[in-house]
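The values are calculated or read from the model by the stated rules, or taken from the named source; none is laboratory data. Quick caveat: nothing in here was measured; it's all calculated off a predicted structure. Here the Cβ positions follow ideal geometry from the backbone for every residue, glycine too, while neighbour counts run over all protein chains shown. Areas reflect the complete protein model, heavy atoms only, side chains present, ligands, DNA and RNA absent. Shrake-Rupley method; radii C 1.70, N 1.55, O 1.52, S 1.80 Å.
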Amino acid sequence: MFMLELESLSDSVTNHTLFVSRVSTTIFFVSWILWRLATEGWRYLFFLTNWNWILNSVYFAISSLYCYSVIHQSKMRHILKSIHIIMFAVVMTISWIVAFGFWTLLSKSVVDPNRLVTERMISALAHILNLIFPIFDLFLCKTTLEYYQVVYPIIALLMYMVLTLWPYPFMKSLNGGEAGINWAPMVGLGLGVVVAGVLFYILALSLIRLRQHVNKSKRMDPKLPMTQAIF
């Protein structure tokens, strides 16, 4: 009786290890979100950083299910793989945008003496961990992206802009009050969002290429044994 060879999801760890890593990360993200919702209420959902955390939790949950489906050869694995890739593109792009935007434009809030120390620490961690975990997963797995898949994070960003971007002070000028939305700057912002999405998507692609180069070098060097990606 022949054993069906499992699809390898990583060049560095087993599918089971990747599964445990993703489940653990899902639990962490969901716990953080529930904690912040309990302390801040629904206002928590207004800001892009927090949407990024929610997207991360969805990504790691879907990725956990995908790992499980591959390990157990479920018929759902092909559908889950497609959703996993979409979320991978979204999270790897938006996490960079959120972290870069905060630490270049809004980082003064971390050293604001008028804020509690705990609030400043939470703010700093929220804009560090939201990027560290996806990057760690990127280098752990073998998931790749194509150039055309940049549309996924751009659609997600534009949806957020349309739904709830108003809590940010610089957005107030786009709302003309009774006169309605000032469409000219809104269109300009939309184009800026598209450009940012493309640039940070290219950054994510560059990290994927770097991972592939590192893993290829390991395979070519007999002194660096590679862990089999399945049991």
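How many of the residues making up region 13-66 are surrounded by fewer than 18 Cβ atoms within 10 Å (Cβ to Cβ) and in contact with a Pro (Cβ under 9 Å, 6 or more places away or on another chain)?
2
Each row is one residue, and each column tells you yes or no for (1) under 16 Å from the mean Cα position of the chain (by Cα); (2) in a helix (DSSP H, G or I); (3) polar (S, T, N, Q).
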| position | (1), (2), (3) |
| --- | --- |
| ASP11 | no, no, no |
| THR17 | no, yes, yes |
| VAL20 | no, yes, no |
| VAL23 | yes, yes, no |
| PHE28 | yes, yes, no |
| LEU37 | no, yes, no |
| THR49 | yes, yes, yes |
| TRP53 | yes, yes, no |
| PHE60 | yes, yes, no |
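Determine which member of the set LEU37, LEU9 is under 23 Å from THR144 (Cβ atoms) and among the hydrophobic types (A, V, I, L, M, F, W, C).
Result of the check over LEU37, LEU9: LEU9.
Go through LEU131, LEU125, LEU105 for me and flag whichever is in a helix (DSSP H, G or I), open to solvent by less than 50 Å² (accessible area, probe 1.4 Å) and not hydroxyl-bearing (Ser, Thr, Tyr).
Going through LEU131, LEU125, LEU105 in turn, the sole match is LEU131.
For the subset of region 67-100 comprising residues that are of a type in the set (Phe, Trp, Tyr) and open to solvent by 10 Å² or more (accessible area, probe 1.4 Å), which member is farthest from ALA156 (Cα to Cα)?
Going through the qualifying residues, I end up with TYR68.
Output the residues belonging to region 178-208 that are open to solvent by 50 Å² or more (accessible area, probe 1.4 Å), at pLDDT 95 or above and not hydrophobic (A, V, I, L, M, F, W, C).
Listed by number, the list holds a single entry, SER206.
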